[in-house]
Amino acid sequence: MSFKLKLYNFFKLIFPATYSELGVFTFFILLYGILGWHIALDYRIIYDSRIPWDAYFSFDNRSIVLTGGSFERHPLAYYFFNWIRELALYISDGKTNAVFRLALAWFSNLAVSLSILQVFKYLKNIIRLPNSISLLLVLFFGFFSTTILLSFTPENFTYTLFLLTLYNHYSAIKLKKEEKTPALALTLAGITIGGLTITNIVKVFIPVAFEKNLFKNWKKFGSAILRVIFACICFILLYLNRINFKYQHIFDQTNKQYEKFSNVKSIPTWDMIASFFFGGNILLPGFIIRDKHNMKGFEYKGLIMDVYTSWIPYIFISILLLFIFWSYFKNLNKKLVQILMISFFIDIIIHCIMKFGLHTSYIYGGHFVFVYPLLLGWLFYTYRMAPKMLSFLTVIIGILLLYMSINNYYRMTEFFHFMNQYYQ
């Protein structure tokens, strides 16, 4: 295949290639764009040089924009956000003003809109659902709290969402064609996805384990091992270079971070799992205002999520999870479904079992929320020849979408009230 054709296929994979895809992309980039435009120009919450972290929902906007985040969790994000920051500064003539905030918001908007496009492409091209069902599911996904918040937030999770949805779509195409993931693509995915959040690098290698006849052919198995080793070596060398090969810092800082983000006892574990890990990424709960300071004398207000206080959100999340596991058990024999669930289970282990960041796990949604519409898509596929069941699923998802839209709209009005009080 010529380089020109590869480049064409690459852009065709990322950007809209049909009118329906263009419609989905345009709708969300305009919807999120209006939201981000308003927040960036009228409020200083997206980037305030005095506030390094936790202005809203534990996002570390200023810290991320300046440094990419801590090296032990986001090892190569420093380089990526250097480009983001410099480009935003170029647009704003070197000033961290409203134009700078708007540039950051639109970069995030582009990443999230392209993520939703990747989900739509997967539903349409991989699962081969009708456009009507695919549109329903991406609309459902587009109103998740994670996609709404990340659409204007400069964070690692924003770009991780795009990279993971893109890689899942790409690897699904390869597996459907019974082709292996090339070493270069595997390495690039490992560096970018693992570089933004290190635990996600494991997800890059999951599709390799499902390549055709991998465990029946020593040649194919050896090729897979070599590709994974090559990707790991490249990633490790870049990681060590980032910290000047002082690898002991990784273990020291990782232990400190684990202790810091895993010892919250004020909320029952089951409620943090329900309200934050499974719920907060989709259905916004109530908010709590906290007093914060930047450790240099400046005090400010921070907004965090509370647990659910009504039984309705718990029912909502229970129904959604029931559908997700229903889809999984109905499609146990499909390797693409196994890949999605294994990827999801990695996050469940990290946050729900190991309890890392469980009290703020709603901000990690970019690592896994795309699994919901994709597994729902496989559930619709299972009953594609059963009109009554399709109607039932459509009605239930429609009801969930209506409730979520009303709930999240109401909570966002509370968010704007908070900004009007403290961030104008």
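Give me the dipole magnitude in Debye, nearest 20, for segment 137-222 about the Cα centre, with unit charges on the beta carbon: positive for Lys and Arg, negative for Asp and Glu. Could you put the intermediate results ahead of the total?
Values: 9 positive and 4 negative charges, 106 e Å.
Rounded to the nearest 20 debye, it is 500 debye.
Could you sort 99-110, 10-21 so that the peptide with the highest average Cβ count within 10 Å comes first and the rest follow in order?
Details: 99-110: 22.6, 10-21: 13.2.
Taking the mean over residues of other Cβ atoms within 10 Å, the ranking is 99-110, 10-21.
What is the local net charge at Pro182, summed over the other residues whose Cβ is closer than 13 Å to its Cβ (Lys, Arg +1; Asp, Glu -1)?
Net charge around Pro182: +3.
Where a ≥ b ≥ c are the square roots of the eigenvalues of the C-alpha gyration tensor, would you call segment 144-240 rounded, which needs a/c under 1.5, or, failing that, prolate if a/b is larger than b/c, or oblate?
Judged from the Cα gyration tensor, segment 144-240 comes out oblate (a/c at least 1.5, b/c at or above a/b).
Before anything else, pin down the relative contact order of segment 18-422: Cα pairs under 8 Å, at least 6 apart, normalised by residue count, whole percent.
Across segment 18-422, relative contact order equals 21 percent.
From the C-alpha gyration tensor of the chain, pull out the three semi-axes of the equivalent ellipsoid (sqrt of 5λ each), sorted largest to smallest, in whole Å.
32, 27, 22
Okay, helix-only estimate at 222 nm for the chain: each DSSP H run of n ≥ 4 adds -39500 (n - 2.57), divide by all residues, round to 500 deg cm²/dmol; what do you get?
-20500 deg cm²/dmol
Name the residue, out of Lys334, Lys296, Lys95, whose mean-square fluctuation peaks in a Gaussian network model built on the chain with Cα pairs under 10 Å.
Sorting by GNM fluctuation, first place goes to Lys296.
Going 7 Å from the Cα of Leu184 in the Cα-to-Cβ direction, what parts of segment 1-29 have a backbone nitrogen less than 20 Å from that spot?
Flagged as within label range: 1-15.
For Lys301, which lysines qualify as cross-link partners when the Cα separation must be under 18 Å and same-chain residues fewer than eight apart are set aside?
Lys292
Charges at C-beta only: +1 for Lys and Arg, -1 for Asp and Glu. How large is the resulting dipole of segment 21-101 about its Cα centre, in Debye rounded to 20?
Dipole magnitude for segment 21-101 comes out near 180 debye.
Treating cross-link reach as a plain straight distance, find the lysines whose alpha-carbon is under 18 Å from the alpha-carbon of Lys355, omitting any fewer than eight places away in the same chain.
Within the straight-line limit of under 18 Å, Lys355 reaches these lysines: Lys256, Lys260, Lys265.
Starting from the 7 Å offset along Cα-to-Cβ, what nm value, one decimal, do you get for the label separation of Met412 and Lys388?
3.9 nm
Taking the Cα centre of the chain as the origin and placing charges on Cβ (Lys, Arg +1; Asp, Glu -1), which of Val204, Phe25, Trp83 is farthest toward the positive end of the dipole?
Value: Val204.
Please enumerate, by chain and number, the aspartates and glutamates with C-alpha under 19 Å from the C-alpha of Lys180, excluding those fewer than 8 residues away in the same chain.
Straight-line reach from Lys180, under 19 Å: Glu211.
Say each of Asp93 and Asp42 gets a label point 7 Å from the Cα, pointing the same way as Cα to Cβ; how far apart are those two points in nm?
2.5 nm
Listed highest first by mean packing, meaning other Cβ atoms within 10 Å per residue, what order do 66-78, 230-242 come in?
Peptide ranking by packing, descending: 66-78, 230-242.
Using 0.36 nm per residue, how much length does the chain from Asn213 to Lys176 gain when fully extended, once their Cα-Cα distance is taken away? Could you put the intermediate results ahead of the total?
Numbers: separation 37, 0.36 × 37 = 13.32 nm, distance 1.35 nm.
So the chain would gain 12.0 nm between Asn213 and Lys176.
Around Ile173, what is the net charge, scoring Lys/Arg as +1 and Asp/Glu as -1 over all other residues with Cβ under 10 Å from its Cβ?
That works out to +3.
Restricting to segment 18-422, compute how many DSSP beta bridges are antiparallel as a %, nearest 5.
90 percent
Which residues in segment 293-331 have a backbone N closer than 19 Å to a point placed 7 Å from the Cα of Ile348 along the Cα-to-Cβ line?
314-331
Can you work out the PRE-style zone for Gln424? Point 7 Å along Cα to Cβ, and I want the residues of segment 31-57 with backbone N under 17 Å.
38-46
Let me spell out the model: positive unit charges on the Cβ of Lys and Arg, negative unit charges on the Cβ of Asp and Glu, origin at the Cα centre of the chain. What dipole size does that give, in debye rounded to 20?
1480 debye
Rounded to the nearest 0.05, what FRET efficiency do Phe10 and Asp306 have when you use their Cβ-Cβ distance and R0 = 35 Å?
Efficiency, rounded to the nearest 0.05: 0.20.
With springs only between Cα atoms under 10 Å, which of Thr165, Thr269, Thr181 fluctuates most in a Gaussian network model of the chain?
Maximum among the listed residues: Thr269.
With the cut-off at 21 Å, tell me which of the pairs Lys4/Lys176; Lys174/Lys220; Lys12/Lys174; Lys121/Lys177; Lys216/Lys334 have Cα atoms farther apart than that.
Violating the 21 Å limit, Cα to Cα: Lys4/Lys176.
Return the FRET efficiency for the residue pair Ser49, Ile396: r is the Cβ-Cβ distance, R0 is 60 Å, and the value is rounded to the nearest 0.05.
Values: r = 47 Å, r/R0 = 0.78.
Here the calculated transfer efficiency is 0.80.
Set the Förster radius R0 to 56 Å, insert the Cβ-Cβ distance between Ser2 and Asp271 as r into 1/(1 + (r/R0)^6), and round the FRET efficiency to 0.05.
Once rounded, the FRET efficiency stands at 0.50.
Where a number appears in this text, it was derived from the coordinates with a stated rule and is not lab data. In this text the structure is predicted, and so the values were computed from the model without any measurement. Here the Cβ is made from the backbone with ideal geometry for all residues, glycine too, and neighbour counts use every protein chain on show.
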